[in-house]
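Remarks on the structure that follows.
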Amino acid sequence: MFWEETFETLPRDQLRSLQSERLKDTLARAAAAPYYRRMYQESGVALDRINGLSDLNRLPFTTKQDLRAGYPFEFLAVDREAVVRLHSSSGTTGQATVVCHNAHDLASWANLMARCMFMTGARPADVFQNMTGYGMFTGGLGFHYGAERLGMLTVPAGAGNSRRQIKFMQDFGATIVHVIPSYALHLLSVFEEAGVDPRRDLRLRIAYLGAEPYSEQTRRRVEEGLGAKVFNSYGLSEMSGPGVAFECPEQNGMHIWEDAFVVEVLNPTTLEPVPEGEEGELVLTSLDREAMPLIRYRTRDLTAILPGPCPCGRTHRRIARIKGRSDDMFIVKGVNVFPLQVETLLMSVPEVGRNYQIILDNEGSLDSMTVQVEVQREFFHGDVKSLKALQQRITTALKGELLFTPKVALVEPDAIPKSDGKAVRVIDRRRKE
Ligand code: AMP
Ligand code: ZN
């Protein structure tokens, strides 16, 4: 049932004491990093006066900009020689950031990943095919070492080359896969083209989907297509990578491992805590990282803490499906839009295919938004009247959600460029003032 029963089911008061203790250690470590030493001096924080969790809110936040400013090694709290790996993310704009790990950090990350997968039913007898990019992207190596730690036969297939992926799954008898959601949808089309029916021809029973926002509708489509149960996986490079929060078999939100992270959900404007159940920005403090501890890191991810205990017996709180980063949001005609809102709606329409993209442009002095939507092949080549009616139906549904009327362009399968990694959902061609 449990990978580490004691930690996973620790009574909440003991979990809090453990967090307090680990927080003190972490702060002492962080003070050895040039960036934090300076930051605490400048903000006049006396670390020896911080007495655990209840004083956490007296500490300044750490932001992505701080990590950029400290690039590459200013956040390092151990000697450079003790670092055994780094991961870097370039993001879409600006200076890259770096996260460093020593041997302890890698071991504890692999252990958390093993805990996540064991929780969903993964066992050493499973064959695990890891279908995400290896390299700087933490999803590849993060899952890889977790799967080996658990003892599964681990196939480091990497991203892309779908036909080969399918052959591997058949030849090696994959029972569990890890896939980026947009790629999972794409893979369903490749199965069809290859004449392989996953339910008939494969032994899959579990798929881990994460690294980008996706809707419940997408989960259902992938479950149906693969004939496997899909579990949501959340993490970010700054907190090592995947293994921060993961669904248990109850699938009622993701348990966020509170022995490894202090969890805050704050109003992104006032930076005050929001009540349980209410959406806010997730702010995390690492508790078990030595090389590069991060204190009150603003993830920019929007979620909520879900109230109540989980029937699975784990005492770590659960967070809701991530709506996206606050900077995924774009504004059109004065309306705030998240790509996930569009996706949720599209993926609930049966004729809609497996990919979509949002294009923002100027139309005179106004903004325009075009949603390109791939539709199922038979439908696309069917009669024009039904296609027109579908376009109308999607437009009306989107208008109901967004309160303005976007353009909808129906395109055939595979018309939208597909990336091997995280999907590019929005292309903004608007003039910048
Ligand atoms: P990176 O560190 O570049 O791999 O990106 C991490 C980011 O990916 C997170 O901060 C989230 O914005 C996003 N992300 C990761 N997992 C999920 C998930 N399960 N659902 C939604 N977004 C996710
Ligand atoms: Zn649970």
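Which one of these is within 24 Å of the chain's Cα centre (by Cα), farther than 30 Å from T138 by Cβ and surrounded by fewer than 18 Cβ atoms within 10 Å (Cβ to Cβ): S348, S365, S386? Explain how you work it out, then say what you get.
On the way: S365 fails: within 24 Å of the chain's Cα centre (by Cα); S386 fails: within 24 Å of the chain's Cα centre (by Cα).
None of the others qualify; the one that does is S348.
Within the stretch 211-222, is there a residue that is closer than 16 Å to G324 by Cα and either within 16 Å of ligand 2 (Cβ to nearest atom) or free of Cβ contacts under 8 Å to residues at least 12 places away in the same chain (or both)? For the stretch 211-222, residues closer than 16 Å to G324 by Cα and either within 16 Å of ligand 2 (Cβ to nearest atom) or free of Cβ contacts under 8 Å to residues at least 12 places away in the same chain (or both): absent. Checking G334, G313 one by one, the residue that is surrounded by fewer than 22 Cβ atoms within 10 Å (Cβ to Cβ), modelled with pLDDT of 95 or more and more than 16 Å from the chain's Cα centre (by Cα) is G313 and no other.
Looking at T405, T395, T370, just one residue is part of a helix (DSSP H, G or I) and of a type in the set (S, T, Y), and that residue is T395. Against the condition modelled with pLDDT under 95, buried (at least 21 other Cβ atoms within 10 Å of the Cβ) and within 14 Å of ligand 1 (Cβ to nearest atom), how does T93 come out, does it pass? Answer is no for this residue. Among residues that are in contact (Cβ under 8 Å) with a residue 12 or more places away in the chain, basic (K, R) and closer than 22 Å to L18 by Cα, R58 is included. Scanning the stretch 299-312 for residues being more than 7 Å from ligand 2 (Cβ to nearest atom), within 15 Å of W257 (Cα to Cα) and either touching a residue at least 60 places away in the same chain (Cβ under 8 Å) or touching a Lys or Arg at 6+ places or on another chain (Cβ under 6 Å) (or both) gives a total of 2. Which residues, counting only those in the stretch 179-225, are within 17 Å of the chain's Cα centre (by Cα), part of a helix (DSSP H, G or I) and among the charged types (D, E, K, R)? Listed by number, the residues that qualify are E216, R219. Checking each residue in the stretch 254-274 for being more than 22 Å from K24 (Cβ to Cβ) and within 16 Å of ligand 2 (Cβ to nearest atom) picks out M254, H255. Annotation note: Cβ proximity below 6 Å between a residue of the stretch 235-252 that is under 18 Å from Y71 (Cβ atoms) and a residue that is near ligand 1 (Cβ under 9 Å from one of its atoms) and assigned to a helix (DSSP H, G or I) (sequence gap 6+ or interchain) occurs for S237/T138.
One line per residue, one yes/no per condition, for (1) more than 30 Å from V426 (Cβ to Cβ); (2) crowded, with 24+ Cβ neighbours inside 10 Å; (3) within 16 Å of ligand 2 (Cβ to nearest atom); (4) of a type in the set (V, I, T):
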| site | (1), (2), (3), (4) |
| --- | --- |
| T138 | no, yes, no, yes |
| F143 | no, yes, no, no |
| E148 | yes, no, no, no |
| T154 | yes, no, no, yes |
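Counting only residues that are surrounded by fewer than 21 Cβ atoms within 10 Å (Cβ to Cβ) and without any contact (Cβ under 8 Å) to a residue 40 or more places away in the chain, the stretch 156-190 holds 12 of them.
Among strands (runs of 3 or more DSSP E) entirely within the stretch 290-355, having at least 2 residues that are within 13 Å of ligand 1 (Cβ to nearest atom), in the same structural domain as L86 (by TED's automatic domain parsing) and among the charged types (D, E, K, R) singles out 297-303.
For the stretch 234-253, the set of residues classified as farther than 21 Å from S326 by Cα, in a loop (DSSP other than H, G, I, E, B) and either touching a helix residue (DSSP H, G or I) at 6+ places or on another chain (Cβ under 8 Å) or more than 16 Å from ligand 2 (Cβ to nearest atom) (or both) consists of C248, P249, listed by residue number. When residues in the stretch 96-126 are screened for being in contact (Cβ under 8 Å) with a residue 60 or more places away in the chain, away from ligand 2 (no atom under 16 Å from the Cβ) and aliphatic (A, V, I, L, M), 3 of them pass.
The values are calculated or read from the model by the stated rules, or taken from the named source; none is laboratory data. All values derive from a computational prediction rather than experimental measurement. For neighbour counting, all protein chains shown are included, and Cβ atoms are generated from backbone atoms with ideal geometry for every residue, glycine included.
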